[in-house]
1. If eta is 1.567 mPa s and T is 4 °C, what Stokes-Einstein diffusion coefficient results for the chain, Kirkwood Rh from Cα pairs, in µm²/s?
2. For the stretch 66-108, calculate the relative contact order in percent as a whole number, restricting contacts to Cα pairs under 8 Å that are 6 or more residues apart.
3. Using just the C-alpha positions of the stretch 1-55 as equal point scatterers, what log10 of I(q)/I(0) does the Debye formula give at each q in 0.28, 0.30 1/Å?
4. Hey, which lysines would be in cross-link range of residue 19, C-alpha to C-alpha under 24 Å, not counting anything within fewer than 8 residues on its own chain?
5. Hey, what number do you get for the chain at 222 nm if only DSSP H runs of n ≥ 4 count, each worth -39500 (n - 2.57), divided across all residues, to the nearest 500?
6. Please compute the contact order of the chain in relative form: average sequence separation of alpha-carbon pairs under 8 Å and at least six residues apart, divided by the residue count, as a percent.
7. Hey, can you grab everything whose amide H is under 5 Å from the amide H of residue 57? Only 5+ residues off in sequence or another chain; H modelled, so Pro and N-termini drop out.
Amino acid sequence: MPTTLTLKNIPDTLYERLKASAQKHRRGLNSEAIVCLESVQLPIQITQQERLARARALPNGAIRSPNISWIRQDRWDALTPKQKRKFAPVCPDFVPELLSPTDELTDI
């Protein structure tokens, strides 16, 4: 079960770096702080598939995934048939961002 952690007296420069990093990775501050803590505390214990699964998971339980993406053919061929039937456990080589009618340009 997740536990709540409150941080106090964070230096302004650290907060700004965390905020910039969160924006760069398109995560909230909380998610970015968790990723930073995990990278320091659990550098060897998390597999690539676990890290991808955590990055895709949204707070409401939904899974974040691109509308469309490409991976090189050789990387696709290396996947098992089971992996090809679901969301592939690989980082795409190219992911375009699509602007839907409900999106604001400032959100992208």
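1. Working: Rh = 16.6 Å.
Translational D for this selection: 78 µm²/s.
2. Details: 26 pairs, mean separation 21.2, N = 43.
Normalised by residue count, the contact order of the stretch 66-108 is 49 percent.
3. Results for the stretch 1-55 at q = 0.28, 0.30 Å⁻¹ read -1.26, -1.29.
4. 8
5. Details: 5 runs with 45 residues, N = 108.
Computed ellipticity for the chain at 222 nm equals -12000 deg cm²/dmol.
6. Numbers: 46 pairs, mean separation 18.5, N = 108.
Once normalised by length, the contact order is 17 percent.
7. Correct list: 64.
Only the coordinates and a few stated rules stand behind these numbers; no lab work does. Here the structure is a predicted model, which means the values were calculated and not measured.
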